[in-house]
DNA sequence: CCCCCCCC
């Protein structure tokens, strides 16, 4: 049963009449040759009497075309559409943009073009008049255009509000410049400045959402100043006259092929309705902290927890960009008896007051994985709420204030170090073959090696006695030691180990450096004992150090080129030294043998 | 027109 078309409606639609759910036939569909990132389809569509060759699919319908649902002769019902001018205001062509449709009859079923349609631009005056009689009786009377191009923005805004003629975010495209969206701000960045060879300036971005979709908007320079204070997360705004451009998917996690830029023409008006008019609330997909362990690195996480511990504000200069960053690490705990670290940046880090152990709700934080531990980082499109007034927050408060956070069993951010399975097995010759350590980031690997020589010279230094300061102190004489980092004089110091030793495997041998804790572990003595022996009892020191010779370990090594003056040295640092787990090591050897020989691939 | 978020 092939449906009948809504004969003669195309000219009326193109003249601004709002016709509910017209039934039309697709006569042709083709991809527009535009930017490779933004796929668009243009269609030739007919009502049986007239056709329109300037119709386009909103990108969320591309999928239907991919599935072959919009072939030649398909009969469709337009559930949602807008018309708009393409090109410069008033000078261009009017297009029909379809954002929702239903397939009524497949093209393969219809098989033929219905009627002998001519271009709607040839329609007579009579055909433009709204028809009074059915079948289009339920079509509403002709409405004012959603957003008149006049100078009084408020009047046209109100027109659009009252007539409910805002546009869905998902229908926005560069092909259409007259629209008003009604959208909730789901996140907002801090103001950031930039300076590069192409210029400098400042900007902030926000993410906008309505029932149809989401989009990122950015305000530069003057617009940044003009709108930054006005835009508030969670509020709903009417927004119009932004410039649309293809989104760079490399940077945007939002589900929209476009993003927008505020311009001098941009109008933003707060929607003060108590009822937000169907704009959904921000949805938090709250994940228990324990579940983050099982999630992918770099995945986005919404969660809620109590800030049990607050780290100091830290400042550092990025090695790659030379920019200064401020950060602060928090530890969040929740009722899954788990703890995770959360990193705050910039003003969030500076202004954070964790002494009252507030409830922290975050949305869109990123997972960073290191050595098997996972932590969260609050970045670009993330939001943080402190003590939000939601039931989950009150529940957590009650739980924590009654001692709930005292027995945290699961440290999601803890590094699994030691016998972790994810470090690659290599030998010491592979370092050269694979050119490890040349990149910006260090390379990590493990190998089985035997200790050849342990150097006693410079195996320790006298360090600042403060717990967290390990800086070498200056001996001022008369039993006074000065720490330049703490800018203080102390009557004492602590010994710290910094041991160089040569280790070898079947392929090669290399000098490696061990820091304090691993040095203590390998020598089987505290740094204090080792330091005292080296300073006062050379026979005892010799005994300690020689005991380490010719012992075998599984070394986890960090490999990185380091520059000393004009010299670059490929440096190996011991991350861990563990006894040989023969079961695990043999498994690796068997796998290597299989790969080398191709024999025994069925062996488990 | 930005798109940086280190280190371990």
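Below is a table of values for the structure above.
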{"quantity": "Förster radius 25 Å - calculated FRET efficiency between residue A:32 and residue A:250 (Cβ-Cβ, nearest 0.05)", "calculated": "0.65"}
{"quantity": "In degrees, nearest ten, helix A:391-401 long axis to first principal axis of chain A (Cα)", "calculated": "20 degrees"}
{"quantity": "Between helix A:527-536 and chain A: long-axis angle, C-alpha atoms, 0 to 90°, nearest 10", "calculated": "40 degrees"}
{"quantity": "Model label zone, residue A:407; criterion: amide N under 17 Å from point 7 Å along Cα-to-beta-carbon; scope region A:317-346", "calculated": "A:334-339"}
{"quantity": "Computed [θ] at 222 nm, helices only, for chain A once each DSSP H run of length n ≥ 4 contributes -39500 (n - 2.57)", "calculated": "-4500 deg cm²/dmol"}
{"quantity": "Efficiency of FRET between residue A:193 and residue A:585 - r from beta-carbon atoms, R0 60 angstrom, step 0.05", "calculated": "0.70"}
{"quantity": "Between 0 and 90°, nearest 10: helix A:153-162 axis offset from chain A longest Cα axis", "calculated": "80 degrees"}
{"quantity": "Fewest-first ranking of A:79, A:47, using other Cβ atoms within 10 Å as the exposure measure", "calculated": "A:79, A:47"}
{"quantity": "R0 of 41 Å, Cβ-Cβ distance residue A:202-residue A:457: FRET efficiency to nearest 0.05", "calculated": "0.15"}
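Rule-based calculations on the coordinates, nothing more; no lab input. A quick note: this is a predicted structure, and the numbers were derived from the prediction, not measured. Every residue, glycine among them, receives a Cβ derived from its backbone with ideal geometry; neighbour counts consider all protein chains shown.
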